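Everything on this sheet refers to the single structure shown next.
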Amino acid sequence: RVISVTILTKNSQKYLKEVLEALRPFDEVLIFDNGSNDDTLAIAAAFSNVTIHEGKFEGFGPTHNKASSLAKHDWILSIDSDEIVTPEMVREIAETSLNPHCVYSFPRNNYFNGKFIKWCGWHPDRQYRLYNRTRTSWTNAQVHESVIIEGMKVVPMRSPFIHYSYDTIADFLSKMQSYSTLFAEQN
């Protein structure tokens, strides 16, 4: 089956090599970069299954939709640049008969400062990440975007992916400031 993986990046060098290593089984990983000035693009260019597109960030939902529109396949697996797909997740996707009328959700294991967080509302944390772009898309939300599931059947998958959300309190505060600005602009 042919699935395009889409990733939005901007100065994402920290985890990108690990993210892309885990995605080697997919024939297309589409990076949509929003102005990186670190080693993000050089890291991405080292992988033969990665295509790089550069464009303007128009909010998370619209930018996810732009990235998926550029992909060569209709099946989209959307991964963030700080999320690692596990071998179990790759295997489960490969063994699943995908239905275009379904959206597939995965458990996300969130890590903070190197520790798996199993409380504070961070676990369990299911994310809609695999969908057919001919049937659904992302919301147009600037922040806290999600795949539209109205009229779709949601299929919960078992295998998790890993999310390195924040390494420090400073990372957390910086991201919250950025998200609060986007949320204010949206509302």
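The values are calculated or read from the model by the stated rules, or taken from the named source; none is laboratory data. Everything numeric here is computed off the predicted structure, so don't read it as measured data. Cβ placement follows ideal geometry from the backbone for every residue including glycine, while neighbour counts extend to all protein chains displayed. Just so you know, the surface numbers come from the protein's heavy atoms only, side chains and all, with ligands and any DNA or RNA stripped out. Shrake-Rupley method; radii C 1.70, N 1.55, O 1.52, S 1.80 Å.
Residues are listed down the side, and each one gets a yes or a no for (1) open to solvent by 20 Å² or more (accessible area, probe 1.4 Å); (2) more than 18 Å from Ile3 (Cβ to Cβ); (3) assigned to a loop (DSSP other than H, G, I, E, B):
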position	(1), (2), (3)
Ala42	yes, yes, no
Lys56	yes, yes, yes
Pro62	yes, yes, no
Ser69	yes, no, no
Ile84	no, no, no
Glu88	yes, no, no
Glu92	no, no, no
Ser105	no, no, no
Arg129	no, no, no
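What are the residue pairs meeting all of these: first residue in the stretch 37-64, first residue within 19 Å of Leu77 (Cα to Cα) and without any contact (Cβ under 8 Å) to a residue 24 or more places away in the chain, second residue open to solvent by less than 40 Å² (accessible area, probe 1.4 Å) and aromatic (Phe, Trp, Tyr), Cβ atoms under 7 Å, and 6 or more apart or on different chains?
Cβ pairs passing all conditions: His53/Phe32.
For the subset of the stretch 107-127 comprising residues that are buried (at least 16 other Cβ atoms within 10 Å of the Cβ) and modelled with pLDDT of 80 or more, which member is nearest to Lys14 (Cα to Cα)?
Once the filter is applied, the top-ranked residue is Asn110.
Here are some residues: Ile31, Ile52. Which one is assigned to a strand (DSSP E or B), touching a helix residue (DSSP H, G or I) at 6+ places or on another chain (Cβ under 6 Å), open to solvent by 30 Å² or more (accessible area, probe 1.4 Å) and at pLDDT 95 or above? Quick ask: steps written out before the conclusion?
Working: Ile31 fails: open to solvent by 30 Å² or more (accessible area, probe 1.4 Å).
The match here is Ile52.
Please enumerate the residues belonging to the stretch 131-162 that are part of a strand (DSSP E or B) and modelled with pLDDT of 95 or more.
Initially, the stretch 131-162 is screened for residues part of a strand (DSSP E or B), giving 131-132, 138, 147, 153-156, 161-162.
Within the stretch 131-162, Tyr131, Asn132, Trp138, Val147, Lys153, Val154, Val155, Pro156 qualify.
Residues being assigned to a strand (DSSP E or B) and of a type in the set (Lys, Arg): count how many of those fall in the stretch 107-121. Steps first, please.
Start the filter on the stretch 107-121 by keeping residues that are assigned to a strand (DSSP E or B), which leaves 107-112, 115-116.
Pick out the ones that are also of a type in the set (Lys, Arg) and you get 108, 115.
Going through the stretch 107-121 one residue at a time, the tally reaches 2.
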